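Below is one structure, written out as structure tokens; the observations come after it.
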Amino acid sequence: MSQNPPRYRWYILALSTATGTFVAAIPFSCLPVLFRDISNDLNLSLVQIGTIWGLSSLAGIFVSLIAGLLSDRFKVKLVLGICSILVGLTGAMRGLSTSFLMLSIIVFANGIFRSVIPINTTRTIGLWFRGRGLGLASGVGAMGMGLGLMAGPLISETVLVPLLGGWRNVLFFYGVLSAAMGILWLLFGKELPRSDKEERRTKMPPFRETLRSLVPSKALWLIGLILLFRMGCINGMTGYLPLYLRGIGWSPASADSTLAVFYAVSSLSVVPLSALSDRMGARKPILYAGLVAGMVSIGLLPVIGGGSVWLFMVLSGIFMDAFMAVTTTLLLETEGVGAARSGAALGLVFTISQTGGVVSPPLGNSFAGTDSRLPFFFWAALSIGAIITLFFTKETGWRKKRAAASNLTAAG
């Protein structure tokens, strides 16, 4: 990395972070607070709302692996530029929907292109920032996602709907923002210096060889399962919470603000926690803390209720983006991944994990017909599966590697 001018690294990090905010996050996180208006106009049931919320993740199941393989072989500025524009176009088209079927198809199409964005921004950061600073850089990138996830529920329904004249115009507006980021990538995006690119190309394995080496990897499947349980828990909760709180008497502004607090705390804590994992030389302690915090806060939320909801949102939000940042760092540091296979590895793990985001929202929402509190218990229980899976996952931090090297030297 000494060959890469520092200003280029930080420029790419800033552009990747902004892409996470305005392409991958805000147009996605605005939906839960718009669901009331959307459901009134399109006459949607609670299960249909949960289905739509999970469709972006369903698209990711089909696209993530292909996106990862392609990201290893094509210029980042082209992939992110074109896909950001397509995210903008399909995101805006959601505002043209007149039925559940039409909205479902468009949301699925939007999810196809949106699924390409996190893989490529994460991989880009991983290539430009290597070594002990990777956790911090990943945290900054995740902060962009967190800021967008916070802004979506905070301003979409209470600010932009009155200002722009309805939920459809809000989606048009977000579509323009996403497309604008794509144009920035096409005009100003940069690639790695030529020497690094040539080195990567000489070691670039064919598609089939890449899949043959990664698919049997136990480590990648374990990381994918951790994210499957985690995404199932978080996606289900965030899509249902505003509707639940409004149903028990909260005002729309207060109900929507809980998600804003959740994402705001996450954005503030992601960089310190990611940097802490670098300093500790260990990734798993942060992940354990995040899973336990999520399990306790989401499980107790419907039991205690009242003002404690804010406390639980803060507790679970502390680790939301940091969990993803540290997990992707764990992935990029996993033995056998390397720069040439990083996109494919991310694609494989995201393919596995997206299953949780697809199944969890409609399945959890279906329990609300019996008792409106049951979905939270279901989503909290998913954290137990993630904790068990994490136990069998190998640590990749520098402290573990240094200890292994010392043991090897002593044995020699």
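Taking the numbered list (1) surrounded by fewer than 19 Cβ atoms within 10 Å (Cβ to Cβ); (2) closer than 20 Å to E333 by Cβ in turn, L184 passes all entries but (2).
Screening R373 with (1) charged (D, E, K, R); (2) closer than 28 Å to I117 by Cα; (3) surrounded by fewer than 24 Cβ atoms within 10 Å (Cβ to Cβ) gives one miss only, at (2). If you check S64, S29, S56, S104 for being surrounded by 20 or more Cβ atoms within 10 Å (Cβ to Cβ) and more than 22 Å from A260 (Cβ to Cβ), only one passes: S64.
When residues in the range 44-68 are screened for being outside any helix (DSSP H, G or I) and touching a residue at least 12 places away in the same chain (Cβ under 8 Å), 1 of them pass. Screening the range 1-45 for residues that are of a type in the set (S, T, N, Q) and within 30 Å of L101 (Cβ to Cβ) and picking the one that is modelled with the lowest pLDDT gives S29.
Residues are listed down the side, and each one gets a yes or a no for (1) β-branched (V, I, T); (2) surrounded by fewer than 23 Cβ atoms within 10 Å (Cβ to Cβ):
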{"residue": "A219", "(1), (2)": "no, yes"}
{"residue": "L222", "(1), (2)": "no, yes"}
{"residue": "I234", "(1), (2)": "yes, no"}
{"residue": "Y240", "(1), (2)": "no, no"}
{"residue": "I248", "(1), (2)": "yes, yes"}
{"residue": "A255", "(1), (2)": "no, no"}
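The values are calculated or read from the model by the stated rules, or taken from the named source; none is laboratory data. Given the structure is predicted, the values throughout are model-derived calculations rather than measurements. Methodologically, a virtual Cβ is constructed for each residue, glycine included, from the backbone with ideal geometry; neighbour enumeration extends over all protein chains shown.
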